[in-house]
Amino acid sequence: MARAIWTGVITFGLATLPVGLFTATEDHTVHFHQLQRDTADRIRNRRVNERTGKEVPSEDIVKGYELAEGEYIVVEPDELDQIAPGRSQTIDITDFVDLDAIEPVYFDRTYYIAPRGKECTKVYELLRAALAGSGKVGIATFVMRGKQYLTALRAEDKALILQTLHWADEVRDPGKELPELPSGRAG
């Protein structure tokens, strides 16, 4: 049986529902290791200073944002921890919209949501049935693995589905990205 990758609660109105989040898809891509020909010895990647060619221990590695070529703002690990959004315990539904109001380009990953415990199944089914009956999806945010996600919570026949969404500024404008588009008028 699968294990939850995140646990917390869904809140909507005055109701709170303890849930677990489960990955809905599997990657069947074949992954290869690198080997040395004729020996089958594994090849490992190492962190090497590109100027000196010497290996650098992980405790001496920091992150940097490049302002201009060769000019960086260095960010220490504790500084990243201070600005990280933390772990959320709540999927807080803030709005309800029609599913077809969300353009497909905004959808990212799909997860199943399950109630945590038999005592939660009635509230779970109440929310699932309300979403299914209304044709609406719940719009919510939550934090997982240090990143805040915008999500759409929707109902299927037997389960609640949570789909992470791209934020508006992450979706490119085709008018700016594509070299030539038709005017929309047939000749």
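The values are calculated or read from the model by the stated rules, or taken from the named source; none is laboratory data. A quick note: this is a predicted structure, and the numbers were derived from the prediction, not measured. A quick note on method: Cβ atoms are made from the backbone with ideal geometry, for glycine too, and the neighbour counts reach across all protein chains shown. Side chains included, ligands, DNA and RNA excluded: accessible areas come from the protein's heavy atoms. Shrake-Rupley method; radii C 1.70, N 1.55, O 1.52, S 1.80 Å.
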Once H31, H166 are ranked on solvent-accessible area with the largest value leading and a 1.4 Å probe, the list reads H31, H166
Please list 3J(HN,Hα) in residue order for segment 94-109, calculated via the Karplus relation 6.51 cos²θ - 1.76 cosθ + 1.60 where θ = phi - 60°; whole Hz, with x for glycine and proline. 10, 7, 10, 9, 6, 4, 6, 7, 9, 5, x, 4, 7, 6, 10, 10
Give a residue-ordered list of calculated ³J(HN,Hα) values for segment 21-27 (Karplus: 6.51 cos²θ - 1.76 cosθ + 1.60, θ = phi - 60°; whole Hz; x for Gly, Pro). 10, 10, 5, 9, 10, 10, 9
Below 8 Å, C-alpha to C-alpha, sequence gap of six or more: please give me the relative contact order for the chain in percent. 21 percent
Whole-number percent relative contact order across segment 33-129, with pairs defined as alpha carbons under 8 Å at least 6 apart: 9 percent
Could you tell me whether segment 137-187 comes out rounded, prolate or oblate from its Cα gyration tensor? Rule is a ≥ b ≥ c as square roots of the eigenvalues, rounded for a/c under 1.5, then prolate if a/b exceeds b/c, otherwise oblate. oblate
Rank these residues by their accessible area, most exposed first, probe 1.4 Å: M1, M144. M1, M144
Per residue, how much accessible area does segment 1-91 have with a 1.4 Å probe, in Å²? 88 Å²
When the chain is treated as a Gaussian network with springs between alpha carbons less than 10 Å apart, the largest mean-square fluctuation among F142, F32, F12 is found at F32
Segment 121-187 - accessible surface per residue (Å², probe 1.4 Å): 66 Å²
Degrees between helix 121-134 axis and first principal axis of the chain (Cα, 0 to 90, nearest 10): 80 degrees
Hey, can you rank 37-43, 102-108, 14-20 by average C-beta count inside 10 Å, highest first? 14-20, 102-108, 37-43
Starting from 0.36 nm per residue, how many nanometres of slack lie between E50 and Q34 once their C-alpha separation is accounted for? 3.6 nm
Leaving out ligands, DNA and RNA, what percent of the accessible area of segment 137-187 is carbon and sulfur, probe 1.4 Å? 47 percent
Helix-derived [θ] at 222 nm for the chain: sum -39500 (n - 2.57) over DSSP H runs of at least 4, divide by residue count, nearest 500? -3500 deg cm²/dmol
Spelling it out for V19: with amide H atoms placed in the peptide plane at 1.01 Å from N, the residues 5 or more places away or on another chain with amide H under 5 Å from its amide H are G8, V9, I10, R116
Where a ≥ b ≥ c are root eigenvalues of the Cα gyration tensor, a/c under 1.5 meaning rounded, otherwise prolate if a/b exceeds b/c and oblate otherwise, segment 72-186 counts as oblate
At most 11 other Cβ atoms within 10 Å and a DSSP loop assignment: could you name the GluC sites (Glu not before Pro) in segment 30-84 that fit? E50, E69
Give me the percent relative contact order of segment 104-187, please, defined on Cα pairs under 8 angstrom at least 6 residues apart. 33 percent
Accessible surface of segment 8-106 [probe 1.4 Å, protein heavy atoms]: carbon and sulfur percent: 49 percent
Evaluate the charge dipole of segment 47-128 about its Cα centre and quote only its size in Debye, nearest 20, assuming +1 on the Cβ of each Lys and Arg and -1 on the Cβ of each Asp and Glu. 620 debye
Please say if segment 1-79 is rounded, prolate or oblate, where rounded means a/c under 1.5 for a ≥ b ≥ c the square roots of the C-alpha gyration tensor eigenvalues, and otherwise the choice is prolate for a/b larger than b/c and oblate otherwise? oblate
Go through K63/K176; K118/K158; K54/K147 and tell me which ones have a Cα-Cα distance over 24 Å in this structure. K63/K176; K54/K147
